[in-house]
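Enquirer: Could you have a look at this structure, given as structure tokens, before my questions?
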Amino acid sequence: MTHMADVASIFGLHGKVALVTGAATGIGREIARLFHDAGATVIGADLNEAALASLSEERPGVHLVAFDQSDPASIAALFEQVDAIGPIDVLVNCAAIYPFRKFEEVDTALLDKMLAINLRGPFQCIQHAVRRMKVDGRGGSIVNISSVNSMRACIYDNVHYGVGKAGVNNLTLSIALEYGEHNIRVNSVLPGGVATDHAAAEADGYPLRGPFTQPGRIPLGGTSCEPCDIARACLFLASDASRYVTGQLLAVDGGFLVS
Ligand SMILES: NC(=O)c1ccc[n+]([C@@H]2O[C@H](COP(=O)([O-])OP(=O)(O)OC[C@H]3O[C@@H](n4cnc5c(N)ncnc54)[C@H](O)[C@@H]3O)[C@@H](O)[C@H]2O)c1
């Protein structure tokens, strides 16, 4: 028979140090809150210092670090600050941008910026994390926030975003393969629609169209879930409950990808 204490130790994060990027707002903020409530020592990192500051008012004890995921030196400095708090057990790569633009109007500056933040940044965060997690065979769990856009064309005017997130999926599979021997697990969560302030605001004047917006398309109904739905999937993947799970792309999309 399973006792409550066992459930808490299996699904909880007591004693673990978890770094969550993009923790100032939206999904990342909810992940940081839930991980803190699950017992982790949480480091929330983000570019938006003002929004990040209010996270520690909600969850005193959460460590805050301002950083720019497009800047390799800033990422290195972030991990030095994490080291001062404790050896990292969990990394959630959530920080990203998703400006809409017509494919033919995506210029080099926008493409470079998006790929620097959404792909190169997570790549380099994982490099820093695995160097630490493999020491003494400690291992760890890495969760990359991807998107259903990575798997198939979902919405117009978002090609540059989809290719970056497709790269994140490949990163997940490749690092899962190469670092399993170090007991480092790597998985992706692929949100469909999530009701965040950013998602509500971000269409840059472009009408939302594509398979994702077709009425009745999502088997579980509605058009979006809540940030907590993504955070709960991340908690499963970060915790020992998923200790034999790696290299998975877990869609939290109401079934959109099978429709
Ligand atoms: N909301 C959705 O419908 C949805 C759907 C699929 C995937 N996603 C993914 O979920 C994640 C969170 O999305 P969200 O809707 O919560 O957006 P959000 O804008 O609320 O959160 C993203 C966070 O990343 C931070 N950030 C941006 N650029 C940064 C940089 N250079 N350095 C450090 N931090 C930076 C932002 O300040 C912000 O706090 C993203 O990876 C996004 O691609 C969201």
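The values are calculated or read from the model by the stated rules, or taken from the named source; none is laboratory data. This structure is a prediction, so every number in the text was calculated from the model and none was measured. Every residue, glycine as well, gets a Cβ built from its backbone with ideal geometry; the counts of neighbours run over all protein chains shown. Heads up: the accessible areas ignore ligands, DNA and RNA and are worked out on the full protein's heavy atoms, side chains in. Shrake-Rupley method; radii C 1.70, N 1.55, O 1.52, S 1.80 Å.
Enquirer: Please list, in order along the range 127-142, the HN-Hα scalar couplings obtained from phi with the Karplus expression 6.51 cos²θ - 1.76 cosθ + 1.60 (θ = phi - 60°), rounded to whole Hz, x for Gly and Pro.
Expert: Here the 3J(HN,Hα) series is 4, 5, 5, 5, 4, 7, 5, 7, 4, 6, x, 5, x, x, 10, 10 Hz.
Enquirer: With a probe of 1.4 Å, find how much accessible area the chain has per residue, and write the answer as a whole number in Å².
Expert: That works out to 47 Å² for each residue.
Enquirer: Using R₀ = 30 Å, calculate the FRET efficiency as 1/(1 + (r/R₀)^6) where r is the Cβ-Cβ separation of A8 and D136; round to 0.05.
Expert: About 0.70, to the nearest 0.05.
Enquirer: Work through the residues other than L249 whose Cβ is under 13 Å from its Cβ and net out their charges, Lys, Arg +1 and Asp, Glu -1.
Expert: Numbers: positive: R152, K165; negative: D253.
Here the count lands on +1.
Enquirer: Of the peptides 145-154, 18-27, 82-91, how do they stack up when ordered by the mean number of other Cβ atoms within 10 Å, highest first?
Expert: 18-27, 145-154, 82-91
Enquirer: How much of the accessible area of the range 4-258, in percent, comes from carbon and sulfur atoms when a 1.4 Å probe is used?
Expert: Values: 6410 of 11650 Å².
Answer for the range 4-258: carbon and sulfur cover 55 percent of the accessible area.
Enquirer: Right, something else. Rounded to two decimals, what ratio of Rg to Rh does the chain give with C-alpha atoms and a Kirkwood Rh?
Expert: 0.95
Enquirer: Could I ask something else about it? Find the relative contact order for the range 4-258 and round it to a whole percent, using C-alpha pairs within less than 8 Å whose residues are 6+ positions apart.
Expert: 21 percent
Enquirer: Spelling out what I want: for every residue of the range 79-89, take phi, set θ = phi - 60°, compute 6.51 cos²θ - 1.76 cosθ + 1.60 (Karplus), and round to whole Hz; glycine and proline get x.
Expert: With the stated coefficients, the range 79-89 comes to 5, 5, 5, 4, 4, 5, 8, x, x, 6, 10 Hz.
Enquirer: Hey, another quick one. Report the extension gain between S56 and Q81 in nm, rounded to one decimal, defined as 0.36 nm multiplied by the number of residues separating them, less their alpha carbon distance.
Expert: Values: separation 25, 0.36 × 25 = 9.00 nm, distance 1.67 nm.
Between S56 and Q81, full extension yields an extra 7.3 nm.
Enquirer: Determine the dipole magnitude for the range 4-258: charges of +1 sit on the beta-carbon of Lys and Arg, -1 on that of Asp and Glu, nothing else is charged, the reference point is the Cα centre, and the result goes in debye to the nearest 20.
Expert: I would put it at about 600 debye.
Enquirer: If you average over every viewing direction, what projected area does the convex hull of the Cα atoms of the range 156-257 give, in nm²?
Expert: That works out to 7.2 nm².
Enquirer: Right, something else. When the helices in the chain are scored as -39500 (n - 2.57) per DSSP H run of 4 or longer and the sum is shared across all residues, what 222 nm value do you end up with, to the nearest 500 deg cm²/dmol?
Expert: Calculated mean residue ellipticity at 222 nm is -12000 deg cm²/dmol.
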